[in-house]
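The values are calculated or read from the model by the stated rules, or taken from the named source; none is laboratory data. Remember, it's a predicted structure, so these values are computed and weren't measured experimentally. For neighbour counting, all protein chains shown are included, and Cβ atoms are generated from backbone atoms with ideal geometry for every residue, glycine included. Side chains are part of the model used for accessible areas, which takes the heavy atoms of the whole protein and leaves out ligands, DNA and RNA. Shrake-Rupley method; radii C 1.70, N 1.55, O 1.52, S 1.80 Å.
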Amino acid sequence: MEVILKEDVNKLGHRGDVVKVADGYGRNYLLPGKLAIEATLANRAVIEQMKGSAIRKSAKEKASAEELAKTLSQVELTFERKTGENDHLFGSVTSGDIAHQLELQGYTIDRRKISLEEPLKSLGEYHVPIKLHREVTSHIKVTVKAEDSETEAVAVA
């Protein structure tokens, strides 16, 4: 099945591309999710208009992503987690945790845009990349600290 992408799809193509995909993938994921339209003759004519608007839309998105990247580069997040022996974390800091913390600070960023190869499982300071646009990536500083066990003991007593 041939489809015309309406949005960028990872490992498949960019907006406006005509790609050949498996029938099930097209019918069950791309078409219902409004990520693509079927590549008929009428739709191919429409796609030329879409490409022009897509270029303008991409330029606007890139400009806003660059603005957001400037402000995000100043952001520092701190997470406190329980630790065991040798400062090993119980649990980890995931991209979902980072996205939630950013949301609390007023930035709405999808957790899938946070490029953590694997969750942060040790104490320390990390620079986490956030892919805001296909050409714009920002880095935020994430610090993972040990939770103070003394304050817990006082709160329990």
Roughly speaking, to the nearest percent, how much of the range 55-157's 1.4 Å accessible area is carbon and sulfur? 47 percent
When the scattering of the chain is computed by the Debye formula from its Cα atoms alone, each counted once and equally, what is log10 I(q)/I(0) at q = 0.12, 0.13 Å⁻¹? -0.70, -0.77
Along each principal axis of its Cα atoms, how long is the range 1-82 end to end? Whole angstroms, biggest number first, please. 54, 35, 17
Work out the count of Lys pairs in the range 60-157 where the Cα-Cα distance is under 26 Å, with the pair 8 or more places apart or on different chains. 23
Hey, could you pull the Cα Rg and Dmax for the range 43-115, both in Å? 19.1, 64
Go ahead and run the numbers for FRET between D87 and T108, Cβ-Cβ distance against an R0 of 25 Å, rounding to 0.05. 0.15
With an 8 Å cut-off on Cα pairs and a minimum separation of 6 or more residues, tell me the relative contact order of the chain in percent. 19 percent
